[in-house]
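What follows is a set of notes on a single structure, which appears directly below.
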Amino acid sequence: MFTQFRTEGFNGYSTKWSPFFENKLAVATASNFGLVGNGRLFIMAAQGEGMAIERAYDTQDGLYDVAWSEVNENQLIVSSGDGSIKMWDTTLADHPIQNWQEHQREVFSVDWNLVSKNVFSSGSWDHTVKIWNPQSPRSLQTYTEHTHCVYSTAWSPYSPTRLASASGDQTVKIWDTNSPRSAQTIRAHNNEILSLDWNKYQENMLVTGSVDKTIKVWDLRRPDREVICLPGHEFAVRRVKWSPHRPNILASAAYDMSVRFWDTAAPLGQNLIHVHDAHTEFVLGLDFNLYVEGQVATCAWDEKVNVFVPPPLLRR
């Protein structure tokens, strides 16, 4: 099955499947490639062979990331180019129900805590990581150790207080939210790190994607070198995601317009198992569906959202 939807006039930045509904998808977009102009949040439902828009919310500035609430199936947060984070309720038509304005620059990442479910994180071009509670008007915590843009933040699926961040300063930092300073720093790449994700089956395992065109898998217990390095993309790797169903499968989206699927358990050199090349511009958004094994959604600057199951993941 391959479904394509057009986000006309808006370039895709991030897409996330709902943690509550198997067919619901959110897409964060920006006009004019996010350089100037407004944004739009699309709420879509996969119906048969097609996609239908359930809601579309317009914003003053481009939207760079989106995360669904883990407690309320109708709520989600988006991060914006104007430094704001907004929360929408999809049962309401127009305005966000919350608006947080603390970051001094573009907010590039938001992620909802999967374990405690009552906080979310944000990462910004102002070099900071912030922790928020949706009920609170101000952030609970701000981390200022990174010396360059923070491009990605991700909560551990195993611990309510463990958070990872990836930055243009070429490091990954691990935080415990009970502590004011980072617990661990890994100099993971020789260029900016644009994305990271925690493995869903091995609590100390992370994947990172970088401007250096490589993907690296890390074991936090042995941080001096990566477990595996996966070259293959021709330009910067913009998004990396582990499969929620298989501990050894991960996906990557890149500026070479491709989405690649990898098996980390395969013999070295045979890790690449599929290339999805249906996009015609930078691919920025990528997510696995929790409910439909192998199903992936991607979004790109070509104004397209693709929903598909890579053939090797049908039953590998």
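The values are calculated or read from the model by the stated rules, or taken from the named source; none is laboratory data. Small disclaimer: the values here were computed from a predicted structure and weren't measured. Please note: Cβ atoms are built from the backbone with ideal geometry, for glycine as well, and neighbour counts cover all protein chains shown. Keep in mind that these areas ignore ligands, DNA and RNA; they rest on the heavy atoms of the full protein, side chains included. Shrake-Rupley method; radii C 1.70, N 1.55, O 1.52, S 1.80 Å.
Points worth noting:
- Three-way shape label, the range 245-316, alpha-carbon gyration tensor, a/c 1.5: oblate
- Stretched out straight at 0.36 nm per residue, the stretch from ASN32 to GLN104 would grow longer than its current Cα-Cα span by 23.7 nm.
- Projected-area average for the range 1-132 over all orientations - Cα convex hull basis, square nanometres: 7.9 nm²
- In this view, the solvent-accessible surface of ILE53, computed with a 1.4 Å probe and all protein chains in place, comes to about 80 Å².
- Alpha-carbon Rg with Dmax, taken over the range 183-316, Å: 14.0, 41
- Carbon-plus-sulfur accessible fraction, the chain (probe radius 1.4 Å, protein heavy atoms only): 47%.
- J(HN,Hα) series, the range 242-257, from Karplus relation 6.51 cos²θ - 1.76 cosθ + 1.60, nearest Hz, glycine and proline x: 7, 5, x, 10, 9, x, 10, 10, 9, 10, 9, 10, 9, 6, 8, 6
- Were the residues from THR280 through MET1 laid out at 0.36 nm apart, the gain over their Cα-Cα distance would be 98.5 nm.
- Shape category assigned to the range 1-79 from the gyration tensor of Cα positions, a/c cut at 1.5: oblate
- In terms of its C-alpha gyration tensor, the range 203-266 has an oblate overall shape, because the principal axis ratio a/c (a ≥ b ≥ c, square roots of the eigenvalues) is not below 1.5 and a/b does not outweigh b/c.
- Modelled FRET efficiency - R0 41 Å, VAL292 with GLN141, Cβ distances, 0.05 increments: 0.70
- Whole-number percent relative contact order across the range 125-190, with pairs defined as alpha carbons under 8 Å at least 6 apart: 23 percent
- Those lysines that a straight Cα-Cα span of less than 19 Å connects to LYS200, excepting residues fewer than 8 apart in one chain: LYS16, LYS117, LYS173, LYS216, LYS241
- Largest-first ellipsoid semi-axes for the range 91-241, taking √(5λ) over the Cα gyration tensor eigenvalues, angstrom: 26, 17, 15
- Highest-first packing order for the peptide set 32-43, 173-184, 123-134 is 123-134, 32-43, 173-184, based on the mean count of other beta carbon atoms within 10 Å.
- Using distinct alpha-carbon pairs, which all enter the 1/r mean, Kirkwood radius of the chain in Å: 19.1 Å
- Label positions at ASP82 and GLN184, each projected 7 Å from the Cα along the C-beta direction, are separated by 3.9 nm.
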